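First up is the structure itself, then whatever we jot down about it.
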Amino acid sequence: MRDEKKRRYVEDRTEQQIGREVREIMRESEEFHDSREDAFYGDGSGSYNRRTRRAVSRRTDFEPDTREARRRGDSGAEYREAVGRNRTYRQNQGYAGQNYYNAYQDDRYGMNSGRSADEGAFPPDGIERDPYGEEPEEEWQSEPPTGIRLRKGAAYTFVSYVFILMFVSLIGYLIFFNFHSDKVQNSPYNRRQDSQSAYVRRGEIWDSRNNVIATTKVDENGKEIRDYPYHNMFAHAIGYSTNGKSGVESIMNYDLLTSHDNFLDRIVNEFRGEKNTGDTVVTTLDLNLQQAAYNALGDYQGAVIVIDPQLGSILAMVSKPDFDPNTIAADWEAIISDPSGSQLVNRATQGLYPPGSTYKIVTALSYMQQYGTTDGFTFNCEGELVIDDYIVHCYDGTAHGEENFGNAFANSCNCSFAAIGLGLGTAQLTKTSEELLFGKELPCDLHYNKSRFNLTDRSDNATIAQTAFGQAETLVTPYHLALITSAIANRGMLMQPQLVGRVTSSDGTYVENRTSREYGAIMSEQEADALKELMCQVVNEGTAAELSDLPYSVAGKTGSAEYTMADGQIGTHSWFTGFSNVEDPDIVVVVLAENGGSGSATAVPIAHAVFDAYYNG
């Protein structure tokens, strides 16, 4: 009797424990569904979960096997097996409620998954668990409900894509900044640069021979004053640093306001409240050549530029009219109110002019590319050539007579080159001009204008003829013409032009050394050699004969470019482009004298003075 009571007591306690477990499972299931509904509706009402609970409660009894096992008097092992089957039964019912809930959400929000509440009688994989049989494989048991997993997976995928996009954007920014850091740092729109002036005194600018051409002085009141010892001479190349910035002052602004002096000295200055000194920028400019070019241009408006063709170093850059950067602030209103507005324009890089006969270099190259040689060319120049309703004239109406290609180039014969241009046609002239960077981006640190070449398929014969000898609508800057001539001097290879040679700290320690590098070949070596021979003929027997019989050899091309002045009169710009020491070129010189007349009369003597300054000091 005692054993029987004990057995029943144990069974009653076991049944009570199972009941508590069942109620706990139901409570957790209800709380889960309530939280899901509240997440969707946000009102905490739990109204829909009551429908879900009713769907789950359609089973009649949670413990049929347990009671039957108790009536049969099964052993503890059998009893535990019955309890396990009941748990499987409850799990099936739980999936049914979950699927019913998912079907309701699909219908309500248009997820269009194809589920319905009737499909909720089975687990997500469509396998009904047998409450009295064996469990399905463990792999099925490890899968969470489908509805929940899909929602979590979508969130994780979205977050992953966001982080991937952020990472790719960061890499792109770093690549961009690596290649364009100088432009970003020295941009005049970068306000962070000038904030450095509160801690760093602007560094000095030197020429290539260590002559100081810009420095910062401090007066008795502690006010910093930017000083330019050579006043107007370097106005456009070095620029100014008040009322904005230009020239080297602009492109090297970051370096001039950055100090690489001794670390301890900088720390001491900061503790004392004193400014550190910015780095020194050493340019490629040569004071001797700059002064010679400035003086030689005299009162002419225009430009002179000197380049080392083998290194790309800019040795001199003069533009007139000019200004005094020492008084730029005081003179600012007068300068910007000038109707011509031209004092601030750097004519070397920004001035666009008809190239005149200097463009015959391009036409000659185009002819070589078309026919492979200049041999066999002949033309009888009578001083003028009628093309449709247009008459081409040689300079001063000179009749050059029978000419080969070299004679026509040396004499700068307009009539012969007009005929050459008509033979080449628009397509060939356009191709060669674009190869020589007309209408293209130029390698240049300073502000510049692209040269213009406007021949089209609709251009008439007169326009093609005029273009071939450097008139019509073609425009070029002295800087661009200097690049083309440098490539000829350097056997077709154009070096990257550079205005800055190195950067040092104020105490002389090297910070950066800028070495020369190639920009690229813009013509073949054979083509460059052939053009060089033609340019030598211009000096030896043509329009630049003044430069023959000198202690050094020169090759070049003159130009006389007509233009219409403001009063309607026809003016003539004077051009020269060439290089010295022909076999191993030293310098390229380009001269443009506005309204200076013929190239022979004005531009050639200016170039002569610059060449002499280079060789005679």
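Between a residue in segment 262-273 that is in contact (Cβ under 8 Å) with a residue 40 or more places away in the chain and over 17 Å from residue 509 (Cβ atoms) and any residue that is open to solvent by 70 Å² or more (accessible area, probe 1.4 Å) and not in a helix (DSSP H, G or I), which pairs come within a Cβ distance under 8 Å, given they are 6 or more apart or on different chains?
270/199
When segment 247-280 is examined, which residues are found to be acidic (Asp, Glu) and under 16 Å from residue 216 (Cβ atoms)?
249, 255, 261, 274, 279
For the condition more than 24 Å from residue 535 (Cα to Cα) and either touching a strand residue (DSSP E or B) at 6+ places or on another chain (Cβ under 9 Å) or of a type outside the set (S, T, N, Q) (or both), what is the one hit in 390, 395?
Of 390, 395, the one residue that is more than 24 Å from residue 535 (Cα to Cα) and either touching a strand residue (DSSP E or B) at 6+ places or on another chain (Cβ under 9 Å) or of a type outside the set (S, T, N, Q) (or both) is 390.
I'm checking my understanding of the structure. Among residues of segment 518-539 that are without any contact (Cβ under 8 Å) to a residue 40 or more places away in the chain and not charged (D, E, K, R), which one is most open to solvent (accessible area, probe 1.4 Å)?
526
Is it the case that residue 378 is polar (S, T, N, Q), over 22 Å from residue 597 (Cα atoms) and open to solvent by 40 Å² or more (accessible area, probe 1.4 Å)?
Criteria met by residue 378.
What pairs can you find where one residue is in segment 162-185 and within 30 Å of residue 249 (Cα to Cα), the other is at pLDDT 55 or above and open to solvent by less than 100 Å² (accessible area, probe 1.4 Å), and their Cβ atoms are less than 6 Å apart, with a gap of 6+ or different chains?
These pairs meet every condition: 185/254.
Which of the residues spanning segment 364-398 are farther than 16 Å from residue 542 by Cβ and either touching a Gly at 6+ places or on another chain (Cβ under 6 Å) or among the charged types (D, E, K, R) (or both)?
Residues satisfying the conditions are 375, 382, 383, 384, 388, 389, 397.
For the list (1) without any contact (Cβ under 8 Å) to a residue 12 or more places away in the chain; (2) touching a Lys or Arg at 6+ places or on another chain (Cβ under 9 Å); (3) not aliphatic (A, V, I, L, M), I need the number of the one condition that residue 242 fails.
All conditions pass for residue 242, except number (1).
Does any residue in segment 475-491 that is on the phi > 0 side of the Ramachandran plot come within less than 7 Å, Cβ to Cβ, of a residue that is open to solvent by 10 Å² or more (accessible area, probe 1.4 Å) six or more places away or on a different chain, and which pairs are these?
Final answer for the pair search is 491/525; 491/529.
Restricting the search to segment 213-244, which residues are in a loop (DSSP other than H, G, I, E, B) and surrounded by 17 or more Cβ atoms within 10 Å (Cβ to Cβ)?
228, 230, 239, 240, 241
For the condition among the polar types (S, T, N, Q) and at pLDDT below 90, what is the one hit in 210, 190?
Answer to the check: 190.
The values are calculated or read from the model by the stated rules, or taken from the named source; none is laboratory data. A quick note: this is a predicted structure, and the numbers were derived from the prediction, not measured. Neighbour counts run over all protein chains shown; Cβ positions are idealised from the backbone, glycine included. Ligands, DNA and RNA are excluded from the accessible area calculation, which covers all protein heavy atoms including side chains. Shrake-Rupley method; radii C 1.70, N 1.55, O 1.52, S 1.80 Å.
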